[in-house]
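Structure first, then comments.
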């Protein structure tokens, strides 16, 4: 069994309206979930012999994604073989002081969500900023670029530098795909 703790206010998202999300996750994965609302814990049952170990890891990432602010639709992208989950802890960059965490999270979001939107558009990844974490769900070929851009922002780089980095990466990807043809 694998246990995943998630914030109390995100338990309802894992369960879904009338258990809809939980049932959908169980049906798509073939893995049973137990949710302890008192302990804020989701148990992934992987004891059966026919359980795919890769599916167990995917389910763990999906539950973490739901717990870190993603909607069920965005989290379920992780069922795809080429989509991955990354989690960055803002505490690792600025310490545990609440004002620093709030300031840096605001930098990641940007004015009216501009920075977040640019990172998502340039990389094809989805971002969720929740509490002291920034979570990324996206394709393997883009998730590294999104993570690097976020780390630049979390370390204090100017927004313009991050945008230039993303544009350069996008140009390089286009050039590489054209060379294949």
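I want to confirm something. Restricting to segment 30-53 and keeping residues that are over 19 Å from the mean Cα position of the chain (by Cα) and in contact (Cβ under 8 Å) with a residue 40 or more places away in the chain, which single residue is farthest from residue 72 (Cα to Cα)?
47
Is one or more of the residues making up segment 122-142 more than 24 Å from residue 63 (Cα to Cα) and touching a residue at least 24 places away in the same chain (Cβ under 8 Å)?
Scanning segment 122-142, I find at least one residue that is more than 24 Å from residue 63 (Cα to Cα) and touching a residue at least 24 places away in the same chain (Cβ under 8 Å), so the answer is yes.
Only one of (1) in contact (Cβ under 8 Å) with a residue 60 or more places away in the chain; (2) in contact with a strand residue (DSSP E or B) (Cβ under 7 Å, 6 or more places away or on another chain); (3) within 19 Å of residue 129 (Cβ to Cβ) fails for residue 61. Which number is that?
(1) is the only condition that residue 61 fails.
Checking residue 68 against (1) within 15 Å of the chain's Cα centre (by Cα); (2) under 22 Å from residue 163 (Cα atoms), only one condition comes out false. Which one?
(2)
Answer yes or no as to whether residue 44 is within 18 Å of residue 154 (Cβ to Cβ), at pLDDT 90 or above and either buried (at least 17 other Cβ atoms within 10 Å of the Cβ) or not assigned by TED's automatic domain parsing to the domain that holds residue 131 (or both).
It is false that residue 44 is within 18 Å of residue 154 (Cβ to Cβ), at pLDDT 90 or above and either buried (at least 17 other Cβ atoms within 10 Å of the Cβ) or not assigned by TED's automatic domain parsing to the domain that holds residue 131 (or both).
The values are calculated or read from the model by the stated rules, or taken from the named source; none is laboratory data. Fair warning: this is a prediction, and the values are worked out from it, not measured in the lab. With ideal geometry, Cβ positions are generated from the backbone for all residues, glycine too; neighbour counts draw on all protein chains shown.
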